[in-house]
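The values are calculated or read from the model by the stated rules, or taken from the named source; none is laboratory data. As the structure is a prediction and not an experimental result, all values here were calculated from the model. As a convention, Cβ positions derive from the backbone with ideal geometry for all residues, glycine included, and neighbour counts pool all protein chains shown. To get the accessible areas, we keep the full protein, side chains included, count just its heavy atoms, and leave off ligands, DNA and RNA. Shrake-Rupley method; radii C 1.70, N 1.55, O 1.52, S 1.80 Å.
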Amino acid sequence: SGKPLDVVAADNNNYAGDYVDALICAEVCKRFNKEHGTSYPETAEDVFNIVEGDQMLWLRRWLSECKTEIKQKFSEAIDAVIKKGKTLEYLQPRRPSFHDNDDRHLLITFKAAEFIEVLEPFYLHGRQLLENFLSRIPKDRMPYAIITAGGGSLVHGVRDKIIKPVLNAVFNSPKTVSEIMERTAFNTSKLDKAIALGAALIANGKISVQERLLHDIGIAIDIGEDISLKLGLPKGTK
């Protein structure tokens, strides 16, 4: 119709693409520890803590390889197999090789079922986020469609393991859920660029953002004394 599209609400996910990379990296570490008797981080949180510091700098390489060699390529392969109507058993496992600074090597074999199992915490957090988000919206203003953006959107299972189960619980109507799921056409090659593309659309007047709800996000700034006085705020307000 040529009319601008109003994005009436948005939410931020702290457990997205980077979290998936860390989950996979933690699983690689578990297998490496079992094989070589090492003590590398075995949880996503520990992986993040270590790569943000000065220890095990080579672990950043593992994290990057988990992103490209396992998360991205395997998600694409799984989705391609499903699109062809074939079972996941048809898919050949990913077999990337990892080595540490002591030149110890391990060939990692990831089957589809193992990959999906490793991602369960990501799916769980995604469902919790969407449930919390929808619970804050009046029943008469439920979204026409739900669109995910960013690196986490490229991970296999977002639609079937996050969006669909939550919509089933909210609407309790397979027909309604099916209609909502079919309203969005996905261009997977652009999903990781969705934020930048969205900003460009807003700048060109194609999309108007009326409301933005941020989840678990805080912005802290020091407010100068002169501004504080004008706003009637106490000194040292953040």
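A few remarks follow.
- Qualifying residue in segment 26-39 (condition: under 15 Å from the mean Cα position of the chain (by Cα), open to solvent by less than 30 Å² (accessible area, probe 1.4 Å), polar (S, T, N, Q) and modelled with pLDDT of 90 or more): no
- When 140, 102, 160 are checked against the criterion of being within 21 Å of the chain's Cα centre (by Cα) and of a type outside the set (A, V, I, L, M, F, W, C), a single residue qualifies: 160.
- Here is the figure for segment 115-128: residues that are in contact (Cβ under 8 Å) with a residue 24 or more places away in the chain and open to solvent by 30 Å² or more (accessible area, probe 1.4 Å) total 3.
- Pairs with Cβ under 9 Å, 6+ apart, first in segment 139-163 and assigned to a helix (DSSP H, G or I), second basic (Lys, Arg) and surrounded by 19 or more Cβ atoms within 10 Å (Cβ to Cβ): 151/67; 151/71; 154/71
- Segment 148-204, subset among the β-branched types (Val, Ile, Thr) and surrounded by fewer than 16 Cβ atoms within 10 Å (Cβ to Cβ), residue modelled with the highest pLDDT: 176
- Helices (runs of 4 or more DSSP H) lying entirely in segment 33-86 (those with 2 or more residues that are touching a residue at least 24 places away in the same chain (Cβ under 8 Å) and in contact with a strand residue (DSSP E or B) (Cβ under 9 Å, 6 or more places away or on another chain)): 59-65
- Among the residues of segment 72-99, the ones that are closer than 18 Å to residue 21 by Cα, within 23 Å of the chain's Cα centre (by Cα) and among the basic types (Lys, Arg) come to 2 in all.
- Hits in segment 98-144 (condition: more than 15 Å from residue 74 (Cβ to Cβ) and small (Gly, Ala, Ser)): 126, 135
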